[in-house]
Amino acid sequence: MSATEYASLAAASGDELRNALTTKARELRPRLLAEQEATEQRGTFSLEMHETFRAEGFYRIQQPRRYGGHELDVPSFLAVVREIARGCPGSAWCFCLSAGHHMQMAALFPAAVQDEVYGSAGEFLAPCRPIPMGDAEWVDGGWRVTGEWDYCSGAPYSTHALVAARIHGGPATQPIGLVVVPRAQWTMLDNWRGTVFGMSGSGSNSIRVENAVVPAGYLVQGSVMSMPAGADSIGFQLHGNPMFCGQTAGYAQLEIAAILVGTARAATDEYERLLRTKITSGPKPQPRYTAGEHQRAFASAITFSDAAEDVLERAAGRYMDFCRAAVTQPQGFSRADAGRTAMAANQAVDLAWQAVDLAFRMSGSSEGARNGARMQRYYRDFSMARTNMSPKLDMEAQTFAEAYFAS
């Protein structure tokens, strides 16, 4: 995108900017499709694709305007994620789970820390690992951080890392906290590519931090999955945007759902390609797209994908409704609100899975079973994603009900 186009987009309304960015992502689909295998072998998208995402302004979609971002809402960000996933699910996972964590950085950390972090980064990209797999020890007015965190999706091109750590000493009133660690103070391990069944291109490498000392304000106490947010939160006070009053619980499920709804679209696109280019077996072969069983399956896959996208879009809109309500209600953004968002997002995932599973089964062994086939990759990627802790509808349902009846 040229400087003139970027300036024009920056001045556009939210809807206009969302449409322009979504169109840009859609136009990248042929390139993302062509690079799928290389992305999988590499473990992440290419440096050239990274620079394209940067040039198109994708990394700034939710970044606060105070720091040069677009500060668009959650549905707008997820629309771009879906389009990237339709071209390459692994690339979308790597992009989303690094570019989507302004919801923690801009919402939770003090203004002085945000000034330093955003001022040094240009675009802020960071994996967010909410499980405490390391330690933060109080030393000389700061924190010494040590640990190794796995599944740090988005690490390859990230400028920072957001990691949960066990707290020791100093002004600790909570057992754990969330630390922002600059890229220069952590090492990405080459332990992802070629090691997993699916989502090999997601850049979900482990990172290691060894005796990194960060300032006191670089750690916020509590679990990032349940930190309360409302009118008195740092994010709202600093940016005046209720979006930064949300909770990671709920938002995290929306991120995953957007990737997987896009994957369902990709699988349906590939099934259509197969219907248009292959013939049925038997004594009277015919183009697959003229065969009743394939027509019915294709229509069902389209319906599942449409329904999944509709549910996701409404869930993202409701998340924004909860954010706006959080600044007026005493309880802020409640855990029950987060649970309701998460359940809807996970329902979208279940609908999307039905589309992928159907397209995979109807594509035939020559595509579903063949290594290197796109349909097999979509099936593997989606199956791998379902092992993540976020898209678990039954587990979140219980958490929601407990929070609902406790209020």
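Computed with a 1.4 Å probe over protein heavy atoms only, the accessible surface of region 190-293 comes to 39 Å² per residue.
Specify the angular offset, from 0 to 90 degrees and rounded to the nearest 10, of the alpha carbon long axis of helix 14-27 from the longest principal axis of the alpha carbons in the chain. Result, in degrees: 50. The coefficient of translational diffusion for region 208-252, derived via Stokes-Einstein from the alpha carbon Kirkwood radius under 37 °C and 0.692 mPa s, stands at 267 µm²/s. Using the rule -39500 (n - 2.57) for each DSSP H run of four or more residues, divided by the residues of the chain, the 222 nm mean residue ellipticity is -17000 deg cm²/dmol. In terms of the Cα gyration tensor, with a ≥ b ≥ c the square roots of its eigenvalues, is region 110-181 rounded because a/c is under 1.5, prolate because a/b exceeds b/c, or oblate? Because a/c hits 1.5 or more and a/b fails to exceed b/c, region 110-181 counts as oblate.
For Arg370 and Glu293, FRET efficiency with R0 = 25 Å and r from the beta-carbon atoms, rounded to 0.05?
With a Förster radius of 25 Å, E is 0.75.
By the equivalent-ellipsoid construction on the alpha carbon gyration tensor, region 1-120 comes out with semi-axes of 24, 18, 13 Å, ordered largest to smallest.
In sequence order, region 286-302 has phi-based couplings of 8, x, 4, 5, 9, 8, x, 5, 6, 4, 5, 5, 5, 4, 5, 4, 4 Hz under the Karplus curve 6.51 cos²θ - 1.76 cosθ + 1.60, θ = phi - 60°, and Gly or Pro positions carry x.
Given the alpha-carbon gyration tensor of the chain, what are the semi-axes of its equivalent ellipsoid in whole angstrom, ordered largest first, with each equal to the square root of 5 times an eigenvalue?
37, 22, 21
With the cut-off at 1.5 for a/c, could you classify region 111-254 from its C-alpha gyration tensor as rounded, prolate or oblate? The shape class here is oblate. Relative to the longest principal axis of the Cα atoms of the chain, the long axis of helix 374-385 lies at roughly 30 degrees. Taking a straight line from the alpha carbon of Lys278, these aspartates and glutamates sit under 16 Å away, with near neighbours fewer than eight places off in the same chain left out: Asp269, Glu270, Glu293, Glu367. Quantify, in whole percent, the carbon and sulfur part of the accessible surface of region 213-262 (1.4 Å probe; protein heavy atoms only). Carbon and sulfur: 58 percent of the exposed surface of region 213-262.
When only Cα pairs below 8 angstrom with a gap of at least 6 residues are kept, the chain shows a relative contact order of 16 percent.
Efficiency by 1/(1 + (r/R0)^6): what FRET value for Asp321 and Thr277, r their Cβ-Cβ distance, R0 = 45 Å, to the nearest 0.05? Efficiency computed from Cβ-Cβ geometry: 0.55.
The values are calculated or read from the model by the stated rules, or taken from the named source; none is laboratory data. Not measured: the values here are computed from a predicted model. Ideal geometry is used to build each Cβ from the backbone, glycine not excepted, and the neighbour counts take in all protein chains shown. Just so you know, the surface numbers come from the protein's heavy atoms only, side chains and all, with ligands and any DNA or RNA stripped out. Shrake-Rupley method; radii C 1.70, N 1.55, O 1.52, S 1.80 Å.
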